[in-house]
Structures are given as C-alpha cells and as structure tokens.
Amino acid sequence: ISSMQVLVNDKELLPIDGYYSLDTITEDMSIVILGVKKLTYFVQVLSSEGALVTVSTDKVEYDGTVLLSIAIDPDYDTTHAKLLVNHIEYSLDTTELDNITEDLTLEVIGLVKKKFSINILPSVGANLTISTEEVTIHDSVLVKVEVLKGYDDQNLILNCNGKDVLLEEKEYEILDVTENMTVFLHDLEKQTFQVHIENAEHISLSWIPEEV
C-alpha cells in the first residue's frame, strides 16, 4: 500500500495526513487507484517425525485457501496425533485451510511409534522370562528358558504367535516385532532313567518299574 497512487483525471492526488480529499468538484472525474494489491502470507511447514505434510503453496493471498495432504508413516500410532496450525489443533483428515489472514505454521504433533505387548503363557516343566513386556515396532525381544529340575531339556520348542521354533540354546531372540505376541514353550516331558540291578541274589523285590 505504501506505493499506492490515486489519479484524478490522470493527475496524481496526494494524501494529506493519510487521507485523500477532493474539495471543489467542477467537472466529471475519473479516479484510478494504482499500486494496491492483496496482502500475501507465508505458509511454513515444520518437520514432523513420522509425518510428511505437503501444501499447495508457500505463499497465499489474503482470504485465500491452502490445500494440504498429510502422509503418516505406518510405523506410527495416530491415536493422539493432531495437525497444529498456529497453535490451533485440527484433525489429520484436514485437506484445506480457508480464509487465510495471517502467516501460517503447520506441524503434526502427538505421533509415537507403535508399541506391542509380549504375553507369556505358562508351560509345564519350564519358566520363561522376556527382556521386556512392551516393545517398540521393529525392535527385538529376548526370551530365556529355565528348565525345571526333573524335566527333559533336549527338545525345547518355543511357540511365537502360532509358529514353532526348535531352540538350539535356552534363549531365543524374536526379531523385528510388528504385532502383539503370545509366547509359550511346549510342555516338557519328565526325565526318565533305566534301572538295572546286578548281583541281586540277596535282594527281594516285589515290583520295580522299568523306568522311573
């Protein structure tokens, strides 16, 4: 507006104290105003972890409209996420901002990486322990097996969400977790021993099992 000109019958009319005045009018007048244009506002998008905000323009005229799209990384939970525009919260479904009358700053807040629970079911003959009961997506969980006294530890089969894994050691690392998990060890058999009796001439047995 500082470059505005008012022409009256092709002659410039100068302002007095910020006002334009025509005192004595003796003829038809043609008034032309030059140098006036709408105000322009800037649109700034702040970096947001887990989200990409795209806008149709980085400058918008007064009372104009900005179109936008928001792409969320599928590894992130949107339960508490919002679009923040000049400290005012909007839904992530927002696709346009109308009637712009100031500079805009856009940011997605409240996104967190998804977390999953690890549930252990009881197993006969062994105790299971895990490194964590809640794991961030794509992280790992270490499962350790403690075989109870009197149980066979030669055939340890761990079940992770329906998939059996034959363990070579008494621990197993579940990699790249992307869902809630239920873990259990297939029931173990009790250890068995053969009993052999030699030189039992002076021993009387009424019954003895083949295995104990």
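The values are calculated or read from the model by the stated rules, or taken from the named source; none is laboratory data. In this text the structure is predicted, and so the values were computed from the model without any measurement. Please note: Cβ atoms are built from the backbone with ideal geometry, for glycine as well, and neighbour counts cover all protein chains shown. Surface areas here come from the heavy atoms of the whole protein model, side chains and all, with no ligands, DNA or RNA. Shrake-Rupley method; radii C 1.70, N 1.55, O 1.52, S 1.80 Å.
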- Counting all Cα-Cα pairs in segment 52-100, those more than 17 Å apart amount in percent to 38 percent
- Task: Give me the accessible area of THR40, 1.4 Å probe, in Å² rounded to the nearest 10.
- Result: 80 Å²
- Query: Using the Karplus equation 6.51 cos²θ - 1.76 cosθ + 1.60 (θ = phi - 60°), what ³J(HN,Hα) coupling, rounded to whole Hz, does each residue of segment 15-25 give in order, writing x for Gly and Pro?
  - Reply: x, 10, 6, x, 10, 9, 10, 10, 8, 9, 9
- Message: If the reach is capped at under 19 angstrom between alpha carbons, list the aspartates and glutamates near LYS115, excluding any in the same chain fewer than eight residues apart.
- Response: GLU49, ASP73, ASP75, ASP77, GLU133, GLU134, ASP139, GLU173, ASP176, GLU179
- Task: Label segment 27-67 by shape, choosing from rounded, prolate and oblate, from the square roots a ≥ b ≥ c of the eigenvalues of the Cα gyration tensor; if a/c is under 1.5 it is rounded, and otherwise prolate applies when a/b is larger than b/c, oblate when it is not.
- Result: prolate
- Task: Over 21 Å between C-alpha atoms is what I'm after, so list which of LYS11/LYS38; LYS113/LYS144; LYS37/LYS59; LYS113/LYS163; LYS114/LYS170 land there.
- Result: LYS11/LYS38; LYS113/LYS144; LYS113/LYS163; LYS114/LYS170
- Message: Could you put ASP152, ASP139 in order of accessible surface area, largest first, with the 1.4 Å probe and the full protein assembly present?
- Response: ASP139, ASP152
- Amide H neighbours of ALA51 at under 5 Å, excluding residues fewer than 5 places away on the same chain, with H built from the backbone geometry, are ASP73
- Query: Which of CYS160, VAL36, LEU83 sits closest to the plus end of the dipole of the chain, meaning its Cα is farthest towards the positive end, when Lys and Arg get +1 and Asp and Glu get -1 on the C-beta?
  - Reply: VAL36
- Task: Would you look at the GNM of the chain, springs on alpha carbons closer than 10 Å, and say which of GLY50, GLY35, GLY150 moves the most?
- Result: GLY35
- Which distance in Å, rounded to a whole number, links the C-alpha centroids of segment 139-179 and segment 61-117? 43 Å
- Given charges at beta-carbon only (K, R positive; D, E negative), |dipole| of the chain in Debye: 240 debye
- Item | Relative contact order (%) - the chain, alpha-carbon pairs under 8 angstrom, separation at least six | 14 percent
- May I ask you to evaluate 6.51 cos²θ - 1.76 cosθ + 1.60, the Karplus curve with θ = phi - 60°, for each residue of segment 117-124 and list the ³J(HN,Hα) values in order in whole Hz, giving x for glycine and proline? 8, 10, 10, 9, 9, x, 10, 6
- Item | Calculated FRET efficiency for the pair THR101/VAL8, C-beta based, R₀ 30 Å, to 0.05 | 0.40
- How large is the charge dipole for segment 17-121, taken about the Cα centre, if only the Cβ atoms of Lys, Arg (+1) and Asp, Glu (-1) carry charge, to the nearest 20 debye? 720 debye
- Item | In Å², nearest 10: area of HIS138 left accessible to a 1.4 Å probe | 90 Å²
- Hey, can you grab everything whose amide H is under 5 Å from the amide H of LEU13? Only 5+ residues off in sequence or another chain; H modelled, so Pro and N-termini drop out. VAL6, LEU7, VAL8
- Counting only protein heavy atoms and rolling a 1.4 Å probe, one gets per residue an accessible area for the chain in Å² of 73 Å²
- Leaving out ligands, DNA and RNA, what percent of the accessible area of segment 31-152 is carbon and sulfur, probe 1.4 Å? 50 percent
- Message: Need one number for the chain: average projected area of the convex hull over its C-alpha atoms, nm².
- Response: 20.6 nm²
